[in-house]
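Engineer: My questions all concern the structure below.
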Ligand code: BT5
């Protein structure tokens with residue numbers, strides 16, 4: 001039995017999963033790797049199958065978006081990536097990160113007995129702090145979408161002192177919030193099941209329930225947020241998330257616009273109070 005410190009093994013994850021699935025048919029586990037996303041991109045290039053999964057105990061170069069890093073303390077979090085080869089056009093990939101966020105929340109809730117939320121676009125939130133994040137990286141070729149690597153990092157047993165001074169004030173883990181040890185194998189199994197169900201829904205064109213779930217969990221909607229454009233900042237009100245997971249906002253001028261990329265800070269979250 002995994003007790004929170006033992007190494008995750010593919011057979012322990014698989015033993016906790018239901019019916020055979022496309023996602024997780026192959027699971028590569030590592031003690032240490034640069035980044036599970038980088039690894040899957042390397043093997044995607046040499047033809048690895050749709051649904052291949054990589055899990056690492058520790059990442060030496062765990063990545064967030066835009067060159068930011070994701071702290072990946074050894075054995076204390078779930079650092080997992082999945083390689084997908086969806087038959088979609090590049091523009092159809094836009095909603096993928098949002099859909100995955102909803103699936104990740106479902107898995108964390110099931111395994112951890114919690115109710116997670118989402119900060120637009122891809123932060124997984126528990127009790128107002130960041131529990132994890134998602135990094136989706138497409139591989140585009142002459143034929144369109146060759147693959148997508150979706151990487152998920154979830155904090156499981158970290159205590160505050162396991163995070164750096166920069167991250168500690170905004171981050172949390174399942175153990176810190178629940179006082180219980182959550183099995184990483186059970187969390188990984190729930191995640192692979194939820195990702196497999198999402199993948200089926202995506203291929204069927206039936207993702208509306210995930211969008212509804214995202215909206216219900218989204219802490220950004222209805223709040224005053226600060227947009228961070230290059231150097232400029234602007235206060236706006238977040239009204240809703242559209243079908244492509246763009247954020248619909250009302251600007252101070254009254255104009256309503258949809259933001260597709262970019263960063264927001266949410267008033268009252270992560271210490272943002274101005
Ligand atoms: C993310 O980026 O949150 C995406 C994280 C994806 C990590 C997974 S782990 C498996 C796979 N392999 C990888 O190399 N990556 C993926 P972003 O939204 O850019 O947020 C990054 C910011 O989150 C940092 O600048 C910190 O402020 C904060 N942060 C870093 N590590 C954290 C952690 N462990 N928990 C909570 N917040 C963290």
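Engineer: Given N residues in the range 1-109, what is its alpha carbon radius of gyration divided by 2.2 N^0.38 Å? Show your work: numbers first, answer last.
Structural biologist: Numbers: Rg = 14.4 Å, N = 109, 2.2 N^0.38 = 13.1 Å.
In units of the 2.2 N^0.38 Å rule of thumb, it is 1.10.
Engineer: Percentage of Cα-Cα pair distances in the range 207-259 greater than 15 Å, rounded to whole percent?
Structural biologist: On the way: 649 of 1378 pairs.
I get 47 percent for the Cα pairs in the range 207-259 exceeding 15 Å.
Engineer: Test of understanding: what is the full-extension gain from residue 244 to residue 165, defined as 0.36 nm times their sequence separation minus their Cα-Cα distance?
Structural biologist: Here the segment from residue 244 to residue 165 would lengthen by 24.9 nm.
Engineer: Let me ask something else about it. Please tell me the relative contact order of the range 1-67 in percent, rounded to the nearest whole number, where contacts are Cα pairs under 8 Å and at least six residues apart. Intermediate results must be reported in sequence, preceding the final value.
Structural biologist: Numbers: 74 pairs, mean separation 24.7, N = 67.
Computed value for the range 1-67: 37 percent relative contact order.
Engineer: Something else about it: Stretched out fully, how many nm does the piece from residue 91 to residue 142 gain, at 0.36 nm a residue minus the Cα gap? Don't skip to the end; give the middle numbers.
Structural biologist: Values: separation 51, 0.36 × 51 = 18.36 nm, distance 1.46 nm.
So the chain would gain 16.9 nm between residue 91 and residue 142.
Engineer: Then there's this: Where does the Debye-calculated log10 I(q)/I(0) of the range 144-217 sit at q = 0.16, 0.20, 0.23 Å⁻¹, using only Cα point scatterers of equal weight, no solvent?
Structural biologist: Cα-only, vacuum Debye calculation for the range 144-217: -0.83, -1.03, -1.11.
Engineer: To one decimal place, what orientation-averaged projected area in nm² is obtained for the convex hull of the Cα set of the range 66-133?
Structural biologist: If I average the Cα hull's projected area over directions, I get 5.9 nm².
Engineer: Return the Rg/Rh ratio of the range 70-179 with Cα-based radii and a Kirkwood Rh.
Structural biologist: Taking Rg over the Kirkwood Rh, I get 1.03.
Engineer: Please report 225, 241 as a ranked list, fewest other C-beta atoms within 10 angstrom at the top and most at the bottom.
Structural biologist: Values: 225 24, 241 21.
Going from sparsest to densest Cβ surroundings: 241, 225.
Engineer: In the range 100-153, if every C-alpha pair distance is counted and binned at 5 Å from zero, what percent goes to each bin?
Structural biologist: 4, 20, 26, 18, 11, 9, 7, 4, 1
Engineer: Once you keep just the Cα pairs under 8 angstrom separated by 6 or more residues, what percentage relative contact order results for the chain? Before the final figure, lay out the partial values.
Structural biologist: On the way: 567 pairs, mean separation 48.6, N = 274.
Relative CO of the chain lands at 18 percent.
Engineer: Bin all alpha-carbon pair distances of the chain at 10 Å intervals from 0 and give each bin's fraction as a whole percent.
Structural biologist: Pairs per bin, as whole percents: 7, 30, 37, 21, 5, 0.
Engineer: Based solely on C-alpha atoms, express the radius of gyration and the Dmax of the range 147-274 in angstrom.
Structural biologist: My reading of the Cα-based Rg and Dmax gives 17.7, 50 Å.
Engineer: May I ask you to sort 229, 120 by Cβ crowding, counting other Cβ atoms within 10 Å and putting the fewest first? Write down the numbers at each step before the final one.
Structural biologist: On the way: 229 10, 120 24.
Lowest count first: 229, 120.
Engineer: Right, here's the next one. So what is the calculated 222 nm ellipticity per residue for the chain, using -39500 (n - 2.57) for each DSSP H run with n of 4 or more, over all residues, to the nearest 500 deg cm²/dmol?
Structural biologist: Numbers: 6 runs with 69 residues, N = 274.
My calculation for the chain gives -7500 deg cm²/dmol from helical runs alone.
Values in this text are rule-based calculations from the coordinates and carry no lab data. Please read all numbers here as calculations on a predicted model, not as lab measurements. Quick reminder, even Gly has a Cβ in these numbers, built from the backbone with ideal geometry, and neighbours come from all protein chains shown.
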